[in-house]
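Quick notes on the structure that follows.
Values quoted throughout were computed directly from the atomic coordinates according to the rules given, and no laboratory measurement underlies them. Predicted model, so just to flag it, every value in this text is computed and none were measured. Don't worry about glycine lacking a Cβ; one is built from the backbone with ideal geometry, like all the others, and counts go over all protein chains shown.
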Amino acid sequence: MIKVMFVCLGNICRSPMAEFVFKDIVKELSLEARFIIASSGTSREELGNPVYRGTVRKLSQVGIKCEGKTSMQFSKQDYTYYDYILCMDTYNVKSLIKIIGDDAQGKIKRLLDFSSAPRDIADPWYTGDFDETYDDVKEGCDAFLSHLYQAKLI
């Protein structure tokens, strides 16, 4: 079982988008029994709030549903439980280190670190560009899955 946690600031835009995109990819490949997939935020400011309407709208355009998801905050216990903790940007990585102390097991990466062009994923809460965020998230999820195949983990 491969346990994956996607992380952004508030857990209402980028990380739930990544969670549901990756779940969709895994389902299409009939690999859902091999994964536990979730998302969380580094902040408490959106705690309990639903996925932001821009993310819901973009996911709906590509046939992905995310009903019932509400924001949760990353915890120290999550670090122990999850195998991969995939952040949307460098700031999220730094915030996680403040929560857990240090990444002694090397679990924390940016999602696009697995791509051929490692970079941060811009926050559509500020940019308003959910299409660009989706494209980056999809690229990162595909690259991460390729990494797992290449490492012979699936």
Inter-probe distance in nm under a simple model that places probes 7 Å from Cα toward Cβ, at residue 149 and residue 70: 3.8
Along the dipole axis of the chain (charges at Cβ: +1 for Lys and Arg, -1 for Asp and Glu; origin at the Cα centre), the most positive-end residue among 16, 140, 117 is 16
Rank-order 134-141, 44-51 by packing density, defined as the average count of other C-beta atoms within 10 Å over each peptide's residues, highest first. 134-141, 44-51
Of 121, 99, 108, which has the largest mean-square fluctuation in a 10 Å C-alpha GNM of the chain? 99
If you restrict to DSSP beta bridges whose two residues both lie in the stretch 2-150, what percentage is antiparallel, to the nearest 5? 5
Taking Cα pairs under 8 Å and at least six residues apart, what relative contact order does the stretch 91-150 come out at, in percent? 32
Just need the relative contact order of the chain here, percent rounded to a whole number, with Cα pairs under 8 Å and 6+ apart. 26
So how far apart, in nm, are the two label points at residue 117 and residue 104 if each is 7 Å from Cα heading toward Cβ? 3.8
Post the alpha-carbon centroid distance, the stretch 17-45 to the stretch 91-135, in whole angstrom. 15
Of the listed links 27/98; 98/138; 76/98; 107/138; 76/138; 65/98, those spanning more than 22 angstrom between alpha carbons are 27/98; 98/138; 76/138; 65/98
